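Novice: The structure under discussion is supplied below as structure tokens; questions concerning it will follow.
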Amino acid sequence: MSNRRRFGLVRGVKRSKRAQVRRILVRGHSERTRKDHSQELAQDYVEMIAELIAKTGEARLIDLARGFGVTHVTASRTLQRLQRKGLVTTQPYRSIFLTGPGRNLAKESRDRHEVVVRFLISLGVPSNVAESDAEGIEHHVSRETLAAFVKHLERGR
């Protein structure tokens, strides 16, 4: 079925607005999904900042820009948002530091990533594919599903 037909855009097929909204919600475009998407970038940035600090002793804007494949300006704007949210502190021409909440978010994100990777590997997914797939899944997995992943992993020991 084409997207035009699915959303009632084909001549002769009329769907009520309510039916269209219900169909979108059923397909997973819920409030939680939108919230997950909005937090995804912050989680990726604080996770990378924590990794850079652990590996090199500092996190610099240029390292973030290179790591994400974005311009210096894009990385700078994202850092400004993270600063407004209280996740990082920065000073001009200095390193970037995580605040307490930023460190907590980075640890939570890293732990979630590791659980998803271990779960995928337990299903027989090759480790390089599991690492790549976990990058998307980790941001959208619910606490309940994550707990089920952990339970599955513990049973497998």
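Novice: Considering the stretch 59-76 alone, what residues qualify as being farther than 21 Å from Asp111 by Cα and surrounded by 11 or more Cβ atoms within 10 Å (Cβ to Cβ)?
Specialist: Those that are farther than 21 Å from Asp111 by Cα and surrounded by 11 or more Cβ atoms within 10 Å (Cβ to Cβ): Arg60, Leu61, Asp63, Ala65, Arg66, Val70, His72, Thr74, Ala75, Ser76.
Novice: Say whether the condition of being modelled with pLDDT under 80 and either touching a Gly at 6+ places or on another chain (Cβ under 7 Å) or among the aliphatic types (A, V, I, L, M) (or both) is met by at least one residue in the stretch 25-37.
Specialist: Yes, there is a match, as at least one residue in the stretch 25-37 is modelled with pLDDT under 80 and either touching a Gly at 6+ places or on another chain (Cβ under 7 Å) or among the aliphatic types (A, V, I, L, M) (or both).
Novice: Considering the stretch 86-115 alone, what residues qualify as being assigned to a loop (DSSP other than H, G, I, E, B) and surrounded by fewer than 19 Cβ atoms within 10 Å (Cβ to Cβ)?
Specialist: Gly86, Gln91, Pro92, Tyr93, Arg94, Ser95, Thr99
Novice: Now a separate question. Pull up the stretch 38-52, narrow it to residues that are at pLDDT below 90 and under 15 Å from Ala134 (Cα atoms), then point me to the one that is surrounded by the most Cβ atoms within 10 Å (Cβ to Cβ).
Specialist: Only one residue fits best here, namely Glu40.
Novice: So Leu79 ticks every box in (1) more than 20 Å from the chain's Cα centre (by Cα); (2) in the same structural domain as Leu41 (by TED's automatic domain parsing) but one. Which box is left unticked?
Specialist: With respect to (1) more than 20 Å from the chain's Cα centre (by Cα); (2) in the same structural domain as Leu41 (by TED's automatic domain parsing), Leu79 is out only on (1).
Novice: Looking at Gln20, Gln83, which is the one that is at pLDDT 90 or above and surrounded by 13 or more Cβ atoms within 10 Å (Cβ to Cβ)?
Specialist: Selected residue: Gln83, the only one of Gln20, Gln83 that is at pLDDT 90 or above and surrounded by 13 or more Cβ atoms within 10 Å (Cβ to Cβ).
The values are calculated or read from the model by the stated rules, or taken from the named source; none is laboratory data. All of these numbers come straight from a predicted model, not from anything done at the bench. Glycine gets a Cβ as well: all are built from the backbone with ideal geometry, and neighbour counts include every protein chain shown.
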